[in-house]
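Below: one structure, written as structure tokens.
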Amino acid sequence: DEKERFDPTQFQDCIIQGLTETGTDLEAVAKFLDASGAKLDYRRYAETLFDILVAGGMLAPGGTLADDMTRTNVCVFAAQEDLETMQAFAQVSSE
């Protein structure tokens, strides 16, 4: 058995590229995440995925966004602050 290399940066790049292509349509985001689940290891990179969906990118030690990493605006921190939008993000996260 060959061990797979742990590379959260590459995982982040793939997710952010897909989120950029889907735009701000949360239904398209959910479809992208569902379709990508077969090839991307969400269990292995769960913390990175959570960071991206909530904060827009991987968090550095101390809880700040890493300056040298790519970011996305499709995240809770950049979303409109209304109940409907937050419920939509919760739905995306739970799928």
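The values are calculated or read from the model by the stated rules, or taken from the named source; none is laboratory data. Everything numeric in this text was worked out from a predicted model, so none of it was measured. In this analysis, Cβ positions are derived from the backbone assuming ideal geometry, glycine residues included, and neighbour counts consider all displayed protein chains. Remember, those area values only see protein heavy atoms, side chains included, never the ligands or the DNA or RNA. Shrake-Rupley method; radii C 1.70, N 1.55, O 1.52, S 1.80 Å.
Short to long, the 5 Å bins of the Cα pair-distance histogram for the chain hold 2, 13, 25, 26, 18, 10, 4, 1, 0, 0 percent of all pairs.
Averaged per residue, what accessible surface does the chain expose to a 1.4 Å probe, in Å²? Write out the running numbers ahead of the final one.
Details: 6620 Å² over 95 residues.
Accessible area per residue: 70 Å².
Summary of the geometry: segment 1-49 and segment 56-86, compared by the centres of their Cα atoms, lie 15 Å apart.
Run the accessible area of the chain with a 1.4 Å probe and give the carbon-and-sulfur part as a rounded percent.
Working: 3290 of 6620 Å².
Using a 1.4 Å probe with all protein chains present, the chain comes out at 50 percent carbon and sulfur.
Full extension of the chain between Ser36 and Ala78 yields a length gain of 12.8 nm, computed as 0.36 nm times the residue separation minus the alpha carbon distance. A dipole drawn for segment 8-91 from +1 and -1 charges on Cβ atoms has a positive end, and of Ala79, Ala35, Met58 the residue lying farthest that way is Ala35. Overall, segment 8-91 carries a charge dipole of about 320 debye about its Cα centre when +1 sits on the Cβ of Lys and Arg and -1 on the Cβ of Asp and Glu, all other atoms neutral.
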